[in-house]
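Single-structure report; data block below.
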Amino acid sequence: MKKFFRKMIAYVGIVSLMSGYIVASPLTANAAIADGANAVNMIGQYASDGTTLDYTKGLLPNDGPNAIGLDTASDVLYQASTQRYFISDSGNNRIVVHQADASGYMSGTSPLDYKADYVIGQSNFIGKYAAALNGGLSAPEGMTFDDGALFYVADSDNDRVVAYNMDSFATGMSAEMVLGHTDFTGTEGSSTSQTGLYHPTDVTYGTVGADGYLFVADSMNNRVMVFSMVALGNGSAAAFVLGQSDWTSNTPAVTQAGMTTPTYLDYDDMSDQLFVSDTGANRILVFDFGGGADLSNGRAADKVLGQSGFEANGTGSGLGQLSGPKGVDYDEDNNRIFVSDYGNSRLLSYSTGSITDGMSGTLEGQEDFLGDNLLYGPMDRLYIAEDYRVVVIGVNGGASVDAIGVVDDTGYPMVHDADWANNGPGSNSFDSPRGVALDENGHRLFVSDEYGRVLVFDLNSSNELVDYYADQVFGRSYSIQGGDVDTSVTSVEDSTALAYDPDGDYLYVADGNRIMVFHAGGDTNLAEASFVLGQSDWTSNGAYGGGAFVAAANNFNGITDIELDTTNDRLFVADVNSARILVFDVSNLSSNLNAEYVLGQGDLNSVGVGVAAANNFGFPTSLTYDETNGRLFVGDGTWNRVLVFDVDGLDTNNIDADNVLGQVDMTTTGFTTTAQNKINIPIGLEYDSGTDRLFVAEAGSERVVVYDTDPLTIGDGDNAVNMVGADNWANSNGGRANPVQNGLNFSTSAYGTGMAYNTVAQRLFVADVDWHRVMAFDVAEAGTPDAPTLCTTSNLSTTTLTVGWTDNASDETGFTVEQSTDQASWATATGGTVAVANASTTGITGLTGSTTYYFRVKATNANGGSAYALCSAASTTANAAPATPTLSSPSASATGVSVSPTFQFSSTDTDGDDVKYVVELATASTFLDVVRTFDQREDATGWSETTSSDWVAEDTPYGGSGDLNGILAFEDGGGWMTLVYGESGELYEYDDSSWSEITGVTANLNDMTEIGDGDTAVVGDGGYVAILGDEVFQLCSGTTTENLNAAHARSGEDTIMV
């Protein structure tokens, strides 16, 4: 029978470095903790560019102006010659200017955006304070241009109108003229005179005959002042007054010549008509100066809208009625005016071709509007200054099509449901951040705040910030959305504490009197929670479940903090108003779960505060858990202490604490000093298991103190060893009244103030509640060296590479390099222990080819290790293929070879790896029909076979295929014993020329094997099959034989091939 043999080399991979894994460099070399040291990073407060950190600010997001948001928009103006929109942002004491495109679109078309391009009244986009000098404004409202280069603003709270020369237009430009005052000192105030103003709210320009005039709505004087443009200058006297008969009167009147709080104006140069929104009288007055009509003091109005006559001032919602109208704007292309009917939350338009008293208007728009002034602008769009935004509607379609002042997380305008100033909270800022949790393996930071949001920030592989913008949000549709919401499966009303479970990728969110459990993966915006604890449904959030107001194992009365024991699948909940800690088994998590045990009370139905002791609490405010030693730390705000419980194997209620910090014993409660062993209202806790340190946030002293809580040395009343946020033990937070880089500002009611320890970078995230920011501090153990930076890999081979770094320490004695293939499990690399100072590289050996590795390095000395510097991921090179095996015997085309030949071959490997071989058995040189394979990588024993063989050489680790060394064929010699196995177990032998049954031998039906005399035979299934030399026989009916060719034998029924 022909035997076929072939040899192949192993395949290998390609040398490469991972390209999709970018590690951001840390901001500084991570350092050991130092009392009073500055924070090294922050989220929440920024300089005028909106991105540079500003540690001197502590504003609420809505208090902080920016280039996008508005705080009480009151007017919109368009300058066609420059394609610019001017928006009066009264609450921020400024005018913001947006550059439009050639068609007059303010935003939404590339490259335009929703950010203002210029600001007037402030020197930058974050300024907001009122000022009276020529560069400042105070609650500016209406605006207009004259027919030259001057731009006028009704500077309402400064009781003046200021004018800017637009030939020198720039951000922060100064006004060059003032009306209502004689100069820009701001000392004159309001007055009722020919030169004075009292809270002017609008200004418009128009010509009467050939003369130009500036009309000013002098609102609190109940009049409109008319200034001639001839020789107009600082403190100029008005030429005429409307609404009053003289310069010193300001009495409101509902008459044809009187006014009651006029607010906004517009002038139609085509028909010489002045429209005055007489808000207090619920009407629009129309003065017609066409046809040579006179302009004189106390001149009567010609027409009235909103009322049937000049003596009426009632309100109504009919189309001929108005209620507190404000904005008015003229559309000269269509001879109509638009009116913001504020009290009726609607827009009306009136044809001005033939005005009659009390005529009906036409309803515009399909939505509720609360607009101040408005603008009919390009593209048939109405721009409505409405509270914290400018709404843009298509006049003919009526629906809102755009909005300025509020954008969502993607940068697009929020046309609906936008009721917050300055673009709301923002995805990079907070309203009193509370909960902080860290996903160290998934590289995410979770922060909750009082807007009812949980913001999710993606981190780099060192778990440090890559930017200052949240990537996802829980509890709201958008990160900028704040305010009250209905209790539901998606909404978070009062997010306080957070806890993250890496095993199930669950985020636990304390929300009032319930705990929502979200799956933290995927799209989180408005995600539904998976489970709820403390309530029986998704729409309830009452104390004790909102029912009988009775404490039970499944409800809460005010949650201040939550903490997870991920080793034993337990959740600890600080139920503050019940003075207890509930312990839940969350291994089989479900909604409305019952607690298993309770601390602080005798049973799960008891509540109430007793006296200070080792087994109760005055006001449990905060929690943290020591996974290594099974200890639960509980902050007790009322009694100014932290209790330490051994809860490893907890199986009973109301156990005693083992230790106390902040007090010398379990019964002492007072706080009289800021001494090193005292705690002043603990409101937040965090634990570092690597160094057995406890971080305690103190509300009373506005600092974070650090305790060494080694379980072998901890004692009652121990001194703290370090602090953050203050620089000495006696001075609390240093008496800082304003935000600083090394200060903190905690509210005494901010229970469960969040902290999260980054074990890789050895940095502590702290929710700085009252300064509305999250701070990051270097807190590596005192005395440890500064961390290295700029970790790199080079000189990659199959099994080795070089790790390099920048040494930033002066007191290190060595370095440790650790390696990982998954960034979860780390071990010291071979060659990674560097026992000398000032080193910057080391060679790593013992690696596996074609494998991606991650490396990190830390500096070490007798006090411990620094934070880690992480390298970019790197892949070792693939193993080279071994040489093609060389066959020694049998030789090609040999004959008379034994049915069990011994193959002799050899191969070499350039990597020095052990060479393994693979044999394939085939009956044809094409090897399309491989009937058996032997793989030495799986079975290291030797092997010989009675059929043709194909040998493949591979090294360790293995790669792909190489080239054939040729197909070698040889003939067997025949003449050996061949057996036939019967269907019933009988056994026949063929000896040269005849068959004979072998007796006394047991045969089993299953597989075949070659046997000798007296051996046990294993019999194949079906037929009588024999193999003799190069021929195959089938024994029929146990009596005759039939010679079959090999193909027939392989495909025939009930035949078996070896």
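The values are calculated or read from the model by the stated rules, or taken from the named source; none is laboratory data. Since the structure is predicted, the reported quantities are computational estimates derived from the model, not experimental observations. So basically every Cβ, Gly included, is an ideal-geometry build from the backbone, and we count neighbours across all protein chains shown.
Scan the stretch 289-319 for residues that are within 22 Å of S271 (Cβ to Cβ) and buried (at least 16 other Cβ atoms within 10 Å of the Cβ) and report the count.
Within the stretch 289-319, the subset within 22 Å of S271 (Cβ to Cβ) is 289-296, 299-307, 310.
Subset that is buried (at least 16 other Cβ atoms within 10 Å of the Cβ): 289, 295, 299, 301-307, 310.
Final tally of qualifying residues: 11.
Check T816 against each of (1) of a type in the set (V, I, T); (2) in a loop (DSSP other than H, G, I, E, B); (3) at pLDDT 95 or above and name the one condition it does not meet.
With (1) of a type in the set (V, I, T); (2) in a loop (DSSP other than H, G, I, E, B); (3) at pLDDT 95 or above applied to T816, the lone miss is (2).
Taking the stretch 588-647 only, how many residues are closer than 21 Å to N680 by Cβ, of a type in the set (A, V, I, L, M, F, W, C) and within 31 Å of the chain's Cα centre (by Cα)?
Qualifying residue count, the stretch 588-647: 3.
With the checklist (1) under 26 Å from N428 (Cβ atoms); (2) part of a loop (DSSP other than H, G, I, E, B); (3) among the hydroxyl-bearing types (S, T, Y) in hand, flag the one item Y757 doesn't pass.
If we test Y757 against (1) under 26 Å from N428 (Cβ atoms); (2) part of a loop (DSSP other than H, G, I, E, B); (3) among the hydroxyl-bearing types (S, T, Y), just (2) comes out false.
Spot the failing condition for A24; the list is (1) touching a strand residue (DSSP E or B) at 6+ places or on another chain (Cβ under 9 Å); (2) surrounded by fewer than 21 Cβ atoms within 10 Å (Cβ to Cβ); (3) modelled with pLDDT of 50 or more, and only one is missed.
(3)
Name the residue, out of Y868, Y854, that is within 28 Å of V721 (Cβ to Cβ), within 37 Å of the chain's Cα centre (by Cα) and either buried (at least 19 other Cβ atoms within 10 Å of the Cβ) or modelled with pLDDT under 90 (or both). Quick ask: steps written out before the conclusion?
On the way: Y854 fails: within 28 Å of V721 (Cβ to Cβ).
After applying the criteria, what remains is Y868.
Of the residues N66, N93, which is at pLDDT 90 or above and outside the structural domain of Y469 (by TED's automatic domain parsing)?
Working: N66 fails: at pLDDT 90 or above.
Unique residue meeting the criteria: N93.
For the subset of the stretch 33-56 comprising residues that are surrounded by 17 or more Cβ atoms within 10 Å (Cβ to Cβ) and touching an Asp or Glu at 6+ places or on another chain (Cβ under 6 Å), which member is modelled with the highest pLDDT?
Here the answer is V40.
I'd like to know if the stretch 342-361 contains one or more residues that are closer than 30 Å to L70 by Cα, part of a loop (DSSP other than H, G, I, E, B) and among the polar types (S, T, N, Q).
Step one: filter the stretch 342-361 for residues closer than 30 Å to L70 by Cα, giving 342-350.
Checking the rest, the ones that are also part of a loop (DSSP other than H, G, I, E, B) come to 345.
From what's left, among the polar types (S, T, N, Q): 345.
Scanning the stretch 342-361 turns up at least one residue that is closer than 30 Å to L70 by Cα, part of a loop (DSSP other than H, G, I, E, B) and among the polar types (S, T, N, Q).
Can you tell me how many residues in the stretch 228-243 are crowded, with 21+ Cβ neighbours inside 10 Å and assigned to a strand (DSSP E or B)?
Let us first name the residues in the stretch 228-243 that are crowded, with 21+ Cβ neighbours inside 10 Å, namely 238, 241-243.
Filter once more, so that each one left must be assigned to a strand (DSSP E or B): 241-243.
Residues that pass the stated criteria total 3.
Residues in the stretch 763-789 that are touching a Lys or Arg at 6+ places or on another chain (Cβ under 7 Å), outside any helix (DSSP H, G or I) and farther than 23 Å from L870 by Cβ: how many?
1
If a residue has to be out of contact with any Leu (no Cβ under 8 Å at 6 or more places or on another chain) and at pLDDT 95 or above to count, how many in the stretch 137-164 make the cut? Before the answer, list the steps.
So in the stretch 137-164, the residues out of contact with any Leu (no Cβ under 8 Å at 6 or more places or on another chain) come out as 137-141, 147-151, 154, 156-157.
Narrowing the set further to residues that are at pLDDT 95 or above leaves 137-141, 150-151, 154, 156-157.
Within the stretch 137-164, residues that are out of contact with any Leu (no Cβ under 8 Å at 6 or more places or on another chain) and at pLDDT 95 or above number 10.
On the given criteria, is L77 touching a strand residue (DSSP E or B) at 6+ places or on another chain (Cβ under 9 Å), in contact (Cβ under 8 Å) with a residue 40 or more places away in the chain and crowded, with 18+ Cβ neighbours inside 10 Å?
Details: touching a strand residue (DSSP E or B) at 6+ places or on another chain (Cβ under 9 Å): yes; in contact (Cβ under 8 Å) with a residue 40 or more places away in the chain: yes; crowded, with 18+ Cβ neighbours inside 10 Å: yes.
When the stated conditions are applied, L77 passes them.
Is it fair to say N124 is touching a residue at least 40 places away in the same chain (Cβ under 8 Å) and polar (S, T, N, Q)? Please lay out each step first, then the result.
Details: touching a residue at least 40 places away in the same chain (Cβ under 8 Å): yes; polar (S, T, N, Q): yes.
Yes; evaluated as a whole, the condition is true for this residue.
Please give the number of the condition T628 fails out of (1) farther than 22 Å from D692 by Cα; (2) out of contact with any strand residue (DSSP E or B) (no Cβ under 7 Å at 6 or more places or on another chain).
The one condition T628 does not meet is (1).
Would you say A697 is buried (at least 21 other Cβ atoms within 10 Å of the Cβ) and in a loop (DSSP other than H, G, I, E, B)?
Details: buried (at least 21 other Cβ atoms within 10 Å of the Cβ): yes; in a loop (DSSP other than H, G, I, E, B): no.
No.
Residue under question is N731, and the condition is that it be modelled with pLDDT under 85, in a loop (DSSP other than H, G, I, E, B) and more than 29 Å from V573 (Cβ to Cβ); does it hold? Steps first, answer last, please.
Numbers: modelled with pLDDT under 85: yes; in a loop (DSSP other than H, G, I, E, B): yes; more than 29 Å from V573 (Cβ to Cβ): yes.
Spelling it out, N731 is indeed modelled with pLDDT under 85, in a loop (DSSP other than H, G, I, E, B) and more than 29 Å from V573 (Cβ to Cβ).
With (1) out of contact with any Gly (no Cβ under 9 Å at 6 or more places or on another chain); (2) closer than 21 Å to L375 by Cβ as the list, and A170 as the residue in question, which single condition is left unmet?
(2)
From the list S323, S271, exactly one residue is closer than 16 Å to Y350 by Cβ, at pLDDT below 95, part of a loop (DSSP other than H, G, I, E, B) and not hydrophobic (A, V, I, L, M, F, W, C). Which is it?
Numbers: S323 fails: at pLDDT below 95.
The unique qualifying residue is S271.
Among the residues of the stretch 63-73, is any crowded, with 24+ Cβ neighbours inside 10 Å, more than 31 Å from the chain's Cα centre (by Cα), aliphatic (A, V, I, L, M) and in a strand (DSSP E or B)? Lay out the reasoning, then the answer.
Here is the first cut: in the stretch 63-73, the ones crowded, with 24+ Cβ neighbours inside 10 Å are 64-65, 69-70, 73.
Of the ones still in play, those that are also more than 31 Å from the chain's Cα centre (by Cα) are none.
Among the residues of the stretch 63-73, not one is crowded, with 24+ Cβ neighbours inside 10 Å, more than 31 Å from the chain's Cα centre (by Cα), aliphatic (A, V, I, L, M) and in a strand (DSSP E or B), which makes the answer no.
Every residue in the stretch 197-219 that is outside any strand (DSSP E or B) and under 30 Å from M270 (Cα atoms), please.
Scanning the stretch 197-219 gives L197, H199, G209, A210, S219.
If you go through the stretch 255-262 one residue at a time, do you hit one that is closer than 21 Å to S308 by Cα and outside any loop (DSSP other than H, G, I, E, B)?
Here is the first cut: in the stretch 255-262, the ones closer than 21 Å to S308 by Cα are 255-262.
The next check asks that each one be outside any loop (DSSP other than H, G, I, E, B); those that pass are 258, 262.
Yes: one or more hits.
Kindly establish whether V774 is at pLDDT 95 or above, in the same structural domain as M755 (by TED's automatic domain parsing) and touching a Gly at 6+ places or on another chain (Cβ under 7 Å). Let's see the steps before the verdict.
Details: at pLDDT 95 or above: yes; in the same structural domain as M755 (by TED's automatic domain parsing): yes; touching a Gly at 6+ places or on another chain (Cβ under 7 Å): yes.
Answer is yes for this residue.
Keeping to the stretch 326-336, report how many residues are part of a loop (DSSP other than H, G, I, E, B) and either within 11 Å of T352 (Cα to Cα) or out of contact with any Asp or Glu (no Cβ under 7 Å at 6 or more places or on another chain) (or both).
First pass over the stretch 326-336, keeping only residues part of a loop (DSSP other than H, G, I, E, B): 326-327, 332-335.
When the remaining residues are screened for being either within 11 Å of T352 (Cα to Cα) or out of contact with any Asp or Glu (no Cβ under 7 Å at 6 or more places or on another chain) (or both), the result is 332-335.
So the answer is 4.
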